[in-house]
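The block underneath contains the structure these notes are about, expressed in structure tokens.
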Amino acid sequence: MPAEERKRREKGDVTPVEGKRRPDKVGQNYAVGRKLGRGSFGTIYSVVDHESGEELAVKVEKRKMRHSMLEQEAKVIKLLEGAEGIPRLHYFAMENDNTVMVIELLGPSLEDLFCSRDRRFSVKTIAMIAEQVITRLEWVHSNSYVHRDIKPENFLIGRGSAANLIYLIDYGLAKLYCDPKTQQHVAYKVNKSLTGTARYASVQAHLGAEHGRRDDLEAVGYMLLYFLRGRLPWQGYHGTSKEEKYARILENKRTIPTEVLCEGKPDAFIKYMRYCQSLNFDSKPDYRYLRRLFTDLIEEDGSADGPLFDWWLPALNSRTTEGTAESRGDNRTCHSSLTRGPTLGNTEFAENGSRKPPNSEEGQMQRRNPFACLCSRGCPR
């Protein structure tokens with residue numbers, strides 16, 4: 001692949017389908033409905049499978065590039081599907097001027113849910129998120145890939161009976177880190193451009209190093225700290241160029257001690273970050289150890305709520321919610337559609353925790369885009 005085209009891919013410079021060019025039908029079975037939003041590499045619509053009646057999502061990319069991001073994503077999902085927390089691929093094809101991928105429709109993203117909870121998650125919920133996210137990455141890594149774009153917008157909850165599962169999506173930037181047959185690790189390289197989202201990227205990724213398993217896990221650490229604190233110190237940075245902005249973010253990540261980032265928080269988060277940053281480029285992470293850091297936290301909590309995420313609990317007064325004291329200083333507006341809480345099958349939950357009929361005024365909620373966080377369009381990166 002030419003270097004210029006590869007850089008365009010990694011920066012998300014792909015033309016999505018817009019307006020009247022929306023296809024009316026995909027394949028033989030899928031009728032295209034309303035627009036759900038835009039992802040990094042395409043436009044997303046709802047579709048209905050005529051045979052089963054199931055509502056799904058289709059991601060549509062204009063065929064302007066020799067190497068389709070959707071083709072890469074479909075390839076990786078096909079390899080990974082079957083495990084918990086991996087969306088099901090229903091259909092992939094190149095039709096007319098479009099590349100299309102029909103995939104399982106999921107619930108809201110962790111970013112959406114964070115916004116809906118006044119940017120506050122309890123330590124227990126963050127630990128429960130960590131446990132599942134580490135497991136998802138262990139599965140991806142065991143199949144010879146690194147994800148390379150870890151962020152809250154790329155983790156979505158399931159629907160119906162899978163509502164307590166966290167799914168990892170958006171594999172357009174995923175890349176092999178070792179030979180699938182020989183398990184030979186790729187060579188260490190430098191002078192590479194930053195891939196993924198700068199806010200959560202590892203220090204080594206900022207420095208231009210080839211992406212390894214450690215970098216996915218370190219990015220998870222920054223995501224957990226984001227949930228823990230309400231915001232990260234380098235959020236909202238601007239510069240005369242993207243390079244200047246990235247340099248400022250890197251400087252903060254290198255100079256602010258982990259102990260300061262985790263001040264007043266459980267030691268598990270410090271241990272997690274220290275472990276990830278101690279790994280060599282080709283080291284195999286001890287996923288069990290990392291999970292145990294957070295399962296211990298969950299067990300120590302011992303709350304009467306049991307294994308429930310915060311978003312399933314009644315809304316709490318912001319002054320009594322545990323967790324993100326720093327979030328009071330974050331003036332960013334979250335334009336989330338989650339005004340009533342997430343759906344669970346055909347049942348929705350009102351703010352007092354009671355169930356509402358799905359078609360009632362209070363029970364209505366816009367279905368969320370399974371590929372992109374629409375509430376964070378204005379988020380500083």
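Every number in this text was worked out from the coordinates using simple rules, so none of it is lab data. Values in this document were obtained by computation on a predicted structure and should not be read as measured data. As a convention, Cβ positions derive from the backbone with ideal geometry for all residues, glycine included, and neighbour counts pool all protein chains shown.
For the listed residue pairs Lys245/Lys271; Lys35/Lys78; Lys175/Lys265; Lys25/Lys181, the alpha carbons are over 31 angstrom apart in Lys175/Lys265; Lys25/Lys181.
Based on the Cα coordinates of segment 66-170, what is the per residue volume of their convex hull in Å³?
Hull volume normalised by residue count: 119 Å³.
Whole-Hz Karplus values for segment 287-293 come out as 5, 4, 4, 5, 5, 4, 3 Hz, taken residue by residue from phi with 6.51 cos²θ - 1.76 cosθ + 1.60 and θ = phi - 60°; glycine and proline positions read x. For the Cα trace of segment 110-310, dividing Rg by the Kirkwood Rh returns an Rg/Rh value of 0.95.
Highest mean packing comes first when the peptides 52-64, 87-99 are listed by Cβ atoms within 10 Å, giving 52-64, 87-99.
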